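So the structure is just underneath, and the comments pick up after that.
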Amino acid sequence: MICCLLTIACMVSAQQKNSAGSWRFHSINSVGLMEGETGSAFQLQTVNGAGYKSWFGGVGIGLDYYRYRTIPLFFDLRKEFGKNRSKVFVYADLGTNFCWLTDNQKMSYRPDDHYGNGLYSDVGLGYKVLVGKNNGFLLSLGYSYKKITETYKSYYYYTIPYMNFTDPSKDFPTEKINYGLNRLTIKMGWEF
């Protein structure tokens with residue numbers, strides 16, 4: 001997948017022209033701070049794709065430390081407004097989280113806990129300041145949502161008369177918790 005993205009990016013970059021209306025490869029790298037009910041955390045992201053006039057579309061991957069460490073993989077769509085060197089933009093990201101718990105997070109829960117991947121989304125408004133011809137400093141404010149599902153065996157319903165002694169784990173019902181994590185985000189980044 002990464003090889004395909006790099007090949008497409010190189011092809012788009014090789015075909016770019018100097019005119020403002022042509023397709024052009026962009027890479028957006030950012031660091032951010034998230035704030036929500038469960039506290040503060042940081043995030044890292046890189047988005048690579050192509051832009052045409054004031055539109056941009058790409059694929060992004062990141063590292064999200066809010067409550068549980070996850071790796072979001074998402075599609076990114078952006079639109080810029082204005083004709084000056086500094087522009088306002090809006091963005092929308094949609095994809096999925098892949099759980100990647102830290103060692104401390106793994107030790108604080110039961111060994112049979114399983115965390116499932118879930119929805120990732122982020123929408124916001126930002127400001128871009130061009131530096132040179134094709135580089136830009138980005139500052140954005142947004143709202144992000146990530147969903148994670150935890151499943152585990154519930155030991156509260158343990159009853160000896162109904163216990164299967166050959167495989168006791170079959171007697172315990174499976175519990176499921178859906179975490180819907182809402183966060184405000186502020187990000188700064190560099191586009192080239």
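Rule-based calculations on the coordinates, nothing more; no lab input. Remember, it's a predicted structure, so these values are computed and weren't measured experimentally. All Cβ positions, even for glycine, are placed from backbone atoms using ideal geometry, and neighbour counts span all protein chains on display.
Counting other beta carbons within 10 Å of each residue's own, what order do TYR68, TYR143 fall into, fewest first?
The fewest-first ordering by Cβ neighbours comes to TYR143, TYR68.
Expected output is a single nm value to one decimal: the length gained when fully extending between LEU141 and LEU44, i.e. 0.36 nm times separation in residues minus the C-alpha distance. What is it?
Net length gain for the segment: 33.5 nm.
Please rank LYS133, LYS153, LYS79, fewest neighbouring Cβ atoms within 10 Å first, as an exposure proxy.
LYS133, LYS79, LYS153
Too long at a 32 Å Cα-Cα cut-off: which of LYS53/LYS187; LYS83/LYS187; LYS87/LYS146; LYS79/LYS176; LYS153/LYS187; LYS83/LYS147?
LYS79/LYS176; LYS153/LYS187; LYS83/LYS147
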